[in-house]
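Asker: One structure, as structure tokens, below. Some questions next.
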Amino acid sequence: GNGERNPGHAVGDYQLTPERIAAVIERGAMERARDNVRAIQLVKELMAEKRHATADEQETLARFVGWGDINVARFLDESPDYSWRKTEKAVWKEVQDSTTPDERKALRRSTLNAHYTFDIYKPLWEALQRAGFAYGRVLEPAVGTGHAFGFMPAEMRQLSTLNAVELEPQTAAIAQALYPSARVQ
């Protein structure tokens with residue numbers, strides 16, 4: 001369920017908090033790129049093992065911020081910049097080793113749209129509640145990693161049917177692992 005979190009067992013939907021968001025967005029570009037790589041590696045492992053993420057694994061997946069930031073997207077380039085420091089080249093190699101050429105192509109295509117607007121989700125759900133929405137069918141047509149669902153009040157989320165669409169396959173898989181109650185296509 002969505003209640004207590006047991007770090008060793010599969011859990012329900014991830015619950016976002018302002019503290020969790022701050023911990024992600026305050027990191028530098030190299031750290032965010034490494035977080036992206038770890039999330040991609042983990043979601044591939046989950047898919048291969050056909051299992052749900054544990055609470056600890058959801059924390060790793062939630063650090064995926066996409067590649068929309070130009071300082072993060074540069075690690076998707078086909079070759080490292082000659083002026084990069086050794087640490088930057090190491091991050092580039094991690095990205096190359098963790099993704100296929102087709103996956104990098106899909107990730108590069110997503111860079112123009114891979115921006116997270118955390119600030120709108122909480123007010124959005126509050127406005128819908130004020131308008132009388134308590135539960136129902138929800139469609140998020142550009143879900144990213146699903147954090148619109150992460151800000152959804154837990155009771156509303158538990159009583160609703162969540163549907164989502166995400167074009168980039170790695171990001172869609174991460175959304176599904178973070179929000180297993182949702183149907184992510």
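Asker: May I ask you to rank ARG108, ARG32 by accessible area, largest first, using a 1.4 Å probe over the protein chains only? List each step's numbers first, then the result.
Answerer: Values: ARG108 80, ARG32 35 Å².
Largest to smallest exposure gives the sequence ARG108, ARG32.
Asker: Another question, if that's okay. Rounded, prolate or oblate: which one fits the range 9-99, using the alpha carbon gyration tensor with axes a ≥ b ≥ c (rounded when a/c is under 1.5, else prolate when a/b beats b/c, else oblate)?
Answerer: On the way: a/c = 3.05, a/b = 1.56, b/c = 1.96.
It is oblate, given that a/c is not under 1.5 and a/b is not larger than b/c.
Asker: Related question: Putting +1 on Lys and Arg Cβ atoms and -1 on Asp and Glu Cβ atoms, find which of PHE118, MET30, VAL72 reaches farthest to the positive end of the dipole of the chain.
Answerer: Working it through, the farthest residue towards the positive pole turns out to be VAL72.
Asker: Shifting gears a bit: Add -39500 (n - 2.57) for each DSSP H run of 4 or more in the chain, then divide by its residues: what number comes out at 222 nm, to the nearest 500 deg cm²/dmol?
Answerer: Details: 10 runs with 96 residues, N = 185.
After summing the helix terms and dividing by residue count, I get -15000 deg cm²/dmol.
Asker: Accessible area, 1.4 Å probe, largest first: how do LEU139, LEU178 sort? If you can, show how the numbers build up before the last one.
Answerer: Details: LEU139 115, LEU178 0 Å².
Greatest to least solvent exposure: LEU139, LEU178.
Asker: Angle check, please: helix 29-49 long axis (alpha carbons) against the longest principal axis of the chain (alpha carbons), in degrees 0 to 90, nearest 10.
Answerer: Helix 29-49 sits at roughly 70 degrees to that axis.
Asker: Can I ask one more? Can you give me the % of accessible surface on the chain that is carbon or sulfur? Probe 1.4 Å, all protein chains present, nothing else counted.
Answerer: Working: 5470 of 10100 Å².
Here carbon and sulfur together make up 54 percent of the probe-accessible area.
Asker: When the chain is fully extended, how far beyond the present Cα-Cα distance does LEU124 get from ALA55, taking 0.36 nm per residue of separation?
Answerer: Values: separation 69, 0.36 × 69 = 24.84 nm, distance 2.60 nm.
That works out to 22.2 nm of additional length.
Asker: Right, here's the next one. In square angstrom, what is the accessible area per residue of the chain with a 1.4 angstrom probe? Show your work: numbers first, answer last.
Answerer: On the way: 10100 Å² over 185 residues.
Using a 1.4 Å probe on heavy atoms only, each residue of the chain averages 55 Å².
Asker: Then there is this: Show MET152, MET30 ordered by accessible area, largest first, where the area counts protein heavy atoms only and the probe is 1.4 Å.
Answerer: Details: MET152 0, MET30 35 Å².
Of MET152, MET30, the descending order of accessible area is MET30, MET152.
Asker: Let me check I've understood the local charge: for ASN163, count other residues with C-beta under 10 angstrom from its C-beta, Lys and Arg +1, Asp and Glu -1. What total comes out? Please report the intermediate quantities before stating the final value.
Answerer: Working: positive: ARG137, ARG183; negative: GLU140.
Spelling it out: positives minus negatives among the neighbours equals +1.
Asker: Using a Förster distance of 41 Å, how high is the FRET efficiency between ALA134 and ARG38, based on the Cβ-Cβ distance and rounded to 0.05?
Answerer: Working: r = 37 Å, r/R0 = 0.90.
Using R0 = 41 Å, I get an efficiency of 0.65.
Asker: Over the chain, with a Gaussian network built from C-alpha contacts below 10 Å, which listed residue (ALA173, ALA39, ALA131) shows the highest mean-square fluctuation?
Answerer: Maximum fluctuation in the GNM of the chain, among the listed residues, is at ALA131.
Asker: May I ask you to compute the full-extension gain from ARG183 to ALA48, defined as 0.36 nm times their residue separation minus their alpha-carbon distance, rounded to one decimal in nm?
Answerer: Working: separation 135, 0.36 × 135 = 48.60 nm, distance 1.89 nm.
Full extension from ARG183 to ALA48 adds 46.7 nm.
Asker: At 1.4 Å probe size, with no ligands or nucleic acids counted, give the accessible surface of ARG27 in Å², nearest ten.
Answerer: 70
Asker: In straight Cα distance, which aspartates and glutamates are under 17 Å from LYS122, not counting same-chain residues fewer than 8 positions off?
Answerer: ASP13, GLU19, GLU140, GLU155
The values are calculated or read from the model by the stated rules, or taken from the named source; none is laboratory data. What you see is a predicted model, and the numbers here were worked out from it, not measured in a lab. Heads up, the Cβs are rebuilt from the backbone with ideal geometry, glycines too, and the neighbour counts pull from every protein chain shown. The area values use the complete protein model at the heavy-atom level, side chains included, leaving out ligands, DNA and RNA. Shrake-Rupley method; radii C 1.70, N 1.55, O 1.52, S 1.80 Å.
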